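Reading through the structure tokens given below for one structure.
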Amino acid sequence: MKINPPKLVALLAFTLVTAAATPLAAQTKYKAAGDDAEIKVGNIMPYTGPAAAYGLIGRTIAAYFKKINAEGGIDDRKINFISYDDSYDPAKAIQAARTLVEDDQVLLVFQSLGTLSNTAIQKYLNARKVPQLFVASGATKWDDPDHYPWTMGWQPNYQTEGRIFGQYLLENHPHDRIAILYQNDDYGKDYVKGLKDSLAGAVPVIAEAAYETTDPDVNAQMAKLKASGADIFFNVATPKFAAQAIRRAAEIGWKPLQMLNSVSNSVGSVLKPAGLDNAQGILTANYMKEPGDPLWKDDPAYKEWLDFMDRYFPDGDKNNTLSVYGYSVAQTLVYVLRQCGDQLTRENVMKQAANLKGVQLGMLLPGILNVSPNLLRRQLYVRPRSSSIVYRKPPRLIASVSRVISAASSSFRCGDAPSSQCIDMSAVGALADVTRTSGMGRI
């Protein structure tokens, strides 16, 4: 797959069939987005710029669709994955969305990354009634079907994760003080709100420092946070800045308990660039199987993922959770498209995405995915070590909290237990109450 910024076009069909585009107003069934030989799937991803580490997600998705096409496609239709590089710039995302809809005439826009970029294109896509499906962001705003019925999230939301960290601190560090580094947008603010809502002032946040995605580094912010005298550092940053913060803490001799948001829990993209020695003791949350964790070495689904990487993405990073993420979300879209059958309309794509039943995504922590027929009340909430993963409102989330204690093994651990056996915490109802699930390991 060749990347040509600002545009990445992965034409994965064995034979690209050229057909006259049907005017948008006259679109019916699948003629809106191509022809009966292919399914056009649009995407916007930062292959360059401050969030370029996330480009691995787009490359993994393209590789997975290559696999699906090699196996015959979706009901004999090949997936034509058209992905544009927006460099994590909302203005470029708007331009890319218009090109995908008006020129490429894609069936849907899938897994476009970033809270700001998706916010920038949300009104446009909803006005044009184009699915903004499985948004690559955990902001709470994607669960607003009354105002944005064509937008749907996929991953656990950021406020929920913030509450889980808050409950951990209430139970384990009730007398400590917290400093927070966060990205100055809805992504960062959602995490901060979730943490503070959970703590309700019981554990004080004594320092906060925001960064902009255009900042060269976070050195000034880290100096401010260290000077506060905080005992706990909550790192709410994307991979580039998260790695900088971890490394900088070590360089300036600041040794608080570090908590790292799940969007940057990758060994390959964050911990290695930060220095594995500097990453020891960090707490993070996870809902996917960690690549390289010996726990999964005999797991059939893990072996299947490794085989996929060897055959279709040999240059991909097998030690990076972003490869797992891209694989899992691409699997989810394939389930949706298969359920659509011959009714490949935009309306039916949304209907089927909101009505998934018994879907098993092998690289998520064990469970089964179901989506409620209560249309468009959805966000993916993962319940590891249970019999089901559900979309519902109000949500329920159990996410592992993992501690990195072995830089040499590069895997997340809680004490002597593997990551999947760490403490599970459950955020229920309005998410104000978070309780510990019994029978798990101890941090």
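Each value in this text was obtained by applying a stated rule to the coordinates, not by laboratory testing. Owing to the predicted nature of the structure, the values given are computational and were not obtained by experimental measurement. In this analysis, Cβ positions are derived from the backbone assuming ideal geometry, glycine residues included, and neighbour counts consider all displayed protein chains.
What to note about this one:
- The tail of the calculated P(r) for region 222-366, taken as Cα-Cα distances beyond 19 Å, holds 61 percent of the pairs.
- Measuring against 18 Å, Cα to Cα, the residue pairs Lys255/Lys318; Lys129/Lys351; Lys272/Lys318 contain Lys255/Lys318 as the ones spanning a longer distance.
- 11 Å beta-carbon shell around Pro131, net charge (K/R +1, D/E -1): +3
- Evaluated over region 158-286, the Cα radius of gyration and Dmax, each in Å: 13.1, 37
- Surrounding net charge for Gly162, when Lys and Arg each add one and Asp and Glu each subtract one, Cβ distance under 14 Å: -1
- If R0 is 22 Å, the Cβ-Cβ spacing of Glu212 and Tyr124 corresponds to a FRET efficiency of close to 0.35.
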